[in-house]
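Any read-out appearing in this document is the output of simple, stated calculations on the displayed coordinates, not a laboratory observation. Fair warning: this is a prediction, and the values are worked out from it, not measured in the lab. Here the Cβ positions follow ideal geometry from the backbone for every residue, glycine too, while neighbour counts run over all protein chains shown.
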Amino acid sequence: MALNIKRLLVSQPKPTSEKSPYFDIAEKYGVEIDFRPFIKVEPLTSKEFRQQKITILDHTAVIFTARTAIDHFFKLCEELRVTIPETMKYFCMTEAIAVYLQKYIVYRKRKIFFGQTGKLEDLVTVIGKHAKEKYLVVVSDVHKEDVFTLLTAKKINYTKAVMYRTVSNDFSKDENFDYDMLVFFSPSGISSLLKNFPDFKQDDIKIGCFGPTTAKAVKDAGLRLDVEAPTPEAPSMTAALELYLKKEMGKK
């Protein structure tokens with residue numbers, strides 16, 4: 001049975017593991033899947049960071065909610081010729097993020113802390129036990145405010161430090177953009193689509209997305225949402241795609 005969907009664009013980097021469900025879907029349904037992020041993260045320059053008038057060494061602890069934040073923090077410190085003292089403490093959203101610190105520092109349990117569940121509330125509970133520290137929170141230019149709301153509620157002394165930004169990953173003139181389905185994971189992906197293709201007409205092109213904020217961005221842009229995750233039947237984007245393609249095949 002031939003499917004109407006032959007070519008799919010997933011707006012994420014290509015999976016590093018060959019065991020990715022995307023490859024199984026491509027084989028099972030005979031579709032071609034391209035991986036091409038619509039957005040990329042880039043560092044702030046040291047000049048841009050200085051405009052925030054933040055002195056990194058005025059702080060005794062740093063909060064990281066993502067590995068990207070760790071990379072940009074240490075790169076910026078290097079550019080600014082700031083030597084981080086041995087006494088600096090690090091608070092991370094998950095153990096995996098904490099372990100990633102080994103790329104830059106000697107991992108010592110007495111100065112690295114993380115939440116047990118990966119939930120913000122859990123991390124802030126840990127931070128609350130070290131309420132005397134002065135915290136630097138490393139974020140992107142586009143970020144949620146929930147971490148700051150929780151820190152303020154606990155009367156934690158913190159500074160918000162924007163160290164990197166999310167920008168549109170532009171398509172070149174000779175890049176072929178001929179897809180039957182586009183899959184998005186963030187509202188900035190939708191913004192990038194419209195920036196790259198201001199005359200974009202959806203017509204028969206299917207759009208899939210992950211997460212409620214992305215779904216809202218699709219609808220706000222006046223586009224039709226065809227495949228949505230997570231749902232009770234499809235907790236992941238690949239599960240939602242599989243369900244959709246299976247249904248399409250059944251229609252033939």
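Could you grab the relative contact order for region 42-166? Cα pairs under 8 Å, six or more apart, rounded to a whole percent.
Across region 42-166, relative contact order equals 32 percent.
Which percentage, to the nearest 5, of the DSSP beta bridges contained in region 42-166 is antiparallel?
About 10 percent, rounded to the nearest 5.
Using alpha-carbon pairs under 8 Å, 6+ residues apart, how would you state the relative contact order of region 55-120 in percent?
35
Which three lengths, in whole Å and largest first, does region 42-166 cover when its Cα atoms are put on their principal axes?
Here the Cα extents, ordered largest to smallest, are 35, 30, 26 Å.
Residues of region 23-56 with amide nitrogen under 13 Å from the 7 Å Cα-to-Cβ point of Val82?
Zone members listed by number: 44-56.
Are there any helices in the chain, counted as whole DSSP H runs, that stretch 20 Å or more along their axis by Cα and score at least -1.0 on average by Kyte-Doolittle, and if so which?
237-251
Which trypsin sites (Lys or Arg not before Pro) does region 58-97 hold that lie in a coil by DSSP with at most 12 other beta carbons within 10 Å?
Arg81
Could you work out how far apart the two model spin labels at Asn176 and Thr149 are, taking each label as a point 7 Å from the Cα in the direction of the beta carbon, and quote it in nm?
Rounded to a tenth, the inter-label distance reads 4.6 nm.
So between Ala96 and Thr16, what do we pick up on full extension, going 0.36 nm a residue minus the alpha carbon distance?
27.0 nm
Can you give the local net charge around Lys6? Use residues other than it whose beta-carbon is closer than 13 angstrom to its beta-carbon, Lys and Arg +1, Asp and Glu -1.
For residues surrounding Lys6, the net value is -4.
List the GluC sites (Glu not before Pro) within region 1-75 that DSSP assigns to loop and that have no more than 11 neighbouring Cβ atoms inside 10 Å.
Answer in residue order: Glu18.
Can you list residues from other chains, or at least 5 along the same chain, whose modelled amide H is less than 5 Å from the amide H of Ile39?
So Ile39 has HN proximity to Asn169.
Using the structure shown, list the pairs from Lys75/Lys132; Lys144/Lys206; Lys14/Lys195; Lys119/Lys173; Lys40/Lys89 with a Cα-Cα distance above 32 Å, or answer none.
Distance filter (> 32 Å) returns Lys119/Lys173.
Which aspartates and glutamates, on any chain, are close to Lys251 with Cα under 19 Å apart, when same-chain ones fewer than 8 places away are left out?
Asp180, Asp204, Asp226, Glu242
How high is the relative contact order of the chain? Use alpha-carbon pairs under 8 Å, at least six apart in sequence, and give a whole percent.
Computed value for the chain: 22 percent relative contact order.
Sum -39500 (n - 2.57) across every DSSP H segment of at least 4 residues in the chain, then divide by the residue count to get the 222 nm mean residue ellipticity, nearest 500.
Mean residue ellipticity, 222 nm, calculated: -9500 deg cm²/dmol.
Can you give me the C-alpha center-to-center distance between region 32-94 and region 193-252, rounded to a whole angstrom?
The distance from the Cα centre of region 32-94 to that of region 193-252 comes to 33 Å.
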